[in-house]
Ligand code: PNS
């Protein structure tokens, strides 16, 4: 019998934004353990490497004892089984997000052990415009990243851009 309420919050987090961090903090209040799972997609070259994405999130959530951060390959459903999670957590910023999310939620329901549910949390309105894609675009052109990411993440992004340049 499951006693701990464990949820997985999967994503690319390339990079983690203020919106993601808000979701992690709210999610951590809903569960005993929240596993933030950073997708490693071997078919796509990320902006930030896997280890750096994990490290940046870990630094930001250091004070959150219920949160752990790890990388994963393959299917979220398999990860959920591995860590004993009963829930998958995803943030929704708009109707367009939900359109993308619903097929994934249904697929995960079929793929995961019975009982694994996807839970959607609405993004806070003041953060709902933020996306990692926009952040990468702004970083590439050395724009002001402060409204979108934390200072630590901004620093890492600018270092990466300079390194690539
Ligand atoms: O932050 P993102 O890019 O919107 O996150 C997408 C993510 C990582 C949640 C999604 O691509 C994913 O779950 N990928 C792993 C493969 C998988 O399990 N897909 C869902 C069922 S088909």
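Tell me which residues, restricted to region 18-42, are over 16 Å from residue 89 (Cα atoms) and away from the ligand (no atom under 14 Å from the Cβ).
Hit for region 18-42 is 18, nothing else.
Considering (1) under 26 Å from residue 164 (Cα atoms); (2) touching a strand residue (DSSP E or B) at 6+ places or on another chain (Cβ under 6 Å), say which one residue 52 fails and leave the rest.
(2)
What number of residues within region 83-108 satisfy the criterion of being out of contact with any strand residue (DSSP E or B) (no Cβ under 7 Å at 6 or more places or on another chain) and over 16 Å from residue 128 (Cβ atoms)?
5
Assuming residue 14 fulfils every condition listed in (1) closer than 20 Å to residue 161 by Cβ; (2) part of a loop (DSSP other than H, G, I, E, B); (3) out of contact with any helix residue (DSSP H, G or I) (no Cβ under 7 Å at 6 or more places or on another chain) apart from one, which condition is it?
Of everything listed in (1) closer than 20 Å to residue 161 by Cβ; (2) part of a loop (DSSP other than H, G, I, E, B); (3) out of contact with any helix residue (DSSP H, G or I) (no Cβ under 7 Å at 6 or more places or on another chain), residue 14 misses just condition (3).
Of everything in region 1-17 that's more than 11 Å from the chain's Cα centre (by Cα) and touching a residue at least 12 places away in the same chain (Cβ under 8 Å), which residue is nearest to the ligand (Cβ to nearest atom)?
This residue is 7.
In this structure, does residue 43 turn out to be surrounded by fewer than 14 Cβ atoms within 10 Å (Cβ to Cβ), over 25 Å from residue 149 (Cβ atoms) and either touching a residue at least 60 places away in the same chain (Cβ under 8 Å) or touching a helix residue (DSSP H, G or I) at 6+ places or on another chain (Cβ under 8 Å) (or both)?
Answer is no for this residue.
Going residue by residue through region 97-118, is there one that turns out to be away from the ligand (no atom under 11 Å from the Cβ), on the phi < 0 side of the Ramachandran plot and within 14 Å of the chain's Cα centre (by Cα)?
No, that holds for no residue.
Looking only at residues in region 43-91 that are at pLDDT below 95 and within 12 Å of the ligand (Cβ to nearest atom), which one is nearest to the chain's Cα centre (by Cα)?
44
The values are calculated or read from the model by the stated rules, or taken from the named source; none is laboratory data. What you see is a predicted model; the values in this text were computed from it and never measured. Reconstructed Cβ throughout: ideal geometry from the backbone, glycine too, with neighbour counts over all protein chains shown.
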